[in-house]
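Novice: Sharing a structure below in structure tokens format, with a few things to ask.
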Amino acid sequence: MATTQTHHSVHITHKDHDLDSLQVLPDAYQWVQPDLFPSLQQHSTPLSDTLPLIDLSLPDASDLIGKALRTWGSFQIINHGVPLSLIHAAQSSAIDLFALPPPHKLKAARTPGTFPGYGIARINSFFPKRMWSESFTIMGSPLEHFRHLWPHDYSKRCDIMAEYDRELKSLCGRLMWIALSELGITREDIDWAGPNEDFKTCNAAIQLNFYPACPDPDRAMGLGAHTDTSLLTVLHQNNTRGLQILREGKQWVTVEPVAGALVVQVGDMLQIVSNGLYKSPFHQAVVNRTKKRLSVAYLFVPPENVEMSPHKKLLSPTQPPLYRPISWTHFIRIKSDNFDGLSCIRVDVKDESQVKVG
């Protein structure tokens, strides 16, 4: 896998295709899977090898989450406390957004060097072919972008996303304490959880992803293999399968949609804090010939300039730190130029002059 950007822009322009209108897969979208990962055809899995589904209301939920984090880096949860009506409202707004005419969506296009707005996945730049998807990123208030998209109907949509942010941030705070406590880390051990120890000082991005029906799904890719830069990512997918997680570096496991469930994944930042005990899993999204797919991902990230490092409770003479301290903002700059950002900050990197920092 190349670690420098290719010639592909990560911003949609008027020259880009309206994917919904295409009857034949263009050459630009005929996916080439990197040698680092199993091929698209190598994703069937034994029925026994499925992502853990955990009921968050049960007494043994914490133990099951700790095990899933160590073995998968991911799990699904039900009875998570986020109102299903809110999840459906957020999904409905995303459906309406991507159904807008292409020229209208471009009114909210993200500008070069920024995250929020409409466009295509930033990781597109690391791959030789384009991905069969569109995305919209919300960081902070989407007010200005939504005003362009829905001049007469933006207020209630902003309210939905604000409520979604509050509910998911609360859930992520709860999941963070479960994940940390399973490593023996207590509330007294974390000084960046905020004055109320609820992680409310952390930040987040809401990522809306749309995958149109594809005329040749076996030769296309919705979202290429990648890890997330977050502490945790919490994702809701509609009832169309597509999300796949790389299992032990050998096999793509499809995450079956479960009504009302949320998928939780370890991000790069939590891999750093756990000193590699929790792995940030590679995942990708495949596409479907007849069905459209939509996902709403909540990427929960540390306070911007707080340096994250392997927690001292997890270190010993035989377990030295694997990663050097780094803030999320610094890590984002590294990962924008390096496909595998974590390898760039490993303590055993021989020549740190090769690490790009933007």
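Read-outs throughout are calculated quantities, based only on the coordinates presented, and are distinct from any laboratory measurement. Just so you know, these numbers come straight off a predicted model, no measurement behind them. Reconstructed Cβ throughout: ideal geometry from the backbone, glycine too, with neighbour counts over all protein chains shown.
Novice: How many nm separate the modelled label positions at Asp198 and Thr254, each set 7 Å beyond the Cα in the direction of the Cβ?
Specialist: Result: 4.1 nm between the two label points.
Novice: Separate question: Of Lys291/Lys335; Lys107/Lys279; Lys156/Lys292; Lys250/Lys313, which ones are farther than 28 Å apart at the Cα?
Specialist: With Cα atoms farther than 28 Å apart: Lys291/Lys335; Lys107/Lys279; Lys250/Lys313.
Novice: Now for a separate question. Counting Lys and Arg as +1 and Asp and Glu as -1, each charge on the Cβ, what is the dipole of the chain about the Cα centre in debye, to the nearest 20?
Specialist: With Lys and Arg at +1 and Asp and Glu at -1, about 520 debye.
Novice: Next up: Post the alpha-carbon centroid distance, the range 107-122 to the range 175-224, in whole angstrom.
Specialist: 20
Novice: FRET efficiency for Asp191 and His148, Cβ-Cβ distance as r, R0 = 45 Å, nearest 0.05?
Specialist: Efficiency, rounded to the nearest 0.05: 0.65.
Novice: Mind pulling the per residue volume of the convex hull built on the Cα atoms of the chain? Å³ is fine.
Specialist: Enclosed volume per residue, from the Cα hull, is 142 Å³.
Novice: Can you give the local net charge around Ile272? Use residues other than it whose beta-carbon is closer than 15 angstrom to its beta-carbon, Lys and Arg +1, Asp and Glu -1.
Specialist: +1
Novice: I would also like to ask the following. Around Leu299, what is the net charge, scoring Lys/Arg as +1 and Asp/Glu as -1 over all other residues with Cβ under 14 Å from its Cβ?
Specialist: With Lys, Arg at +1 and Asp, Glu at -1, the neighbours total -1.
Novice: Compute the Cα gyration tensor for the range 29-162, then decide on rounded, prolate or oblate, letting a ≥ b ≥ c be the square roots of its eigenvalues: rounded whenever a/c is under 1.5, prolate when a/b is larger than b/c in the other cases, and oblate in all that remain.
Specialist: Judged from the Cα gyration tensor, the range 29-162 comes out oblate (a/c at least 1.5, b/c at or above a/b).
Novice: For Thr329, put the label point 7 Å out on the Cα→Cβ axis and report which residues of the range 182-205 keep their amide N under 15 Å from it.
Specialist: Residues 202-204 qualify, since their backbone N sits under 15 Å from the label point.
Novice: Counting only GluC sites (Glu not before Pro) that sit in a DSSP loop (anything but H, G, I, E, B) with at most 16 other Cβ atoms within 10 Å, what is the longest stretch of the chain containing none of them?
Specialist: Excluding the exposed sites themselves, the longest stretch runs over 1-196.
Novice: While we're on this one: With a cap of 13 neighbouring Cβ atoms within 10 Å, and only residues DSSP puts in a loop, list the chymotrypsin sites (Phe, Trp or Tyr not before Pro) found in the range 217-287.
Specialist: Loop-located and lightly packed - none at all.
Novice: Just check the range 174-317 against the gyration tensor rule for me: Cα atoms, a ≥ b ≥ c as the square roots of the eigenvalues, rounded for a/c under 1.5, and otherwise prolate or oblate depending on whether a/b exceeds b/c.
Specialist: Here the range 174-317 falls in the prolate category.
Novice: For the modelled label position 7 Å from the Cα of Arg174 along Cα-to-Cβ, which residues of the range 254-269 have backbone nitrogen atoms closer than 15 Å?
Specialist: 261-264
Novice: If we count trypsin sites (Lys or Arg not before Pro) as exposed when they sit in a DSSP loop and have at most 16 other beta carbons within 10 Å, what is the longest stretch of the chain that avoids them all?
Specialist: 16-199
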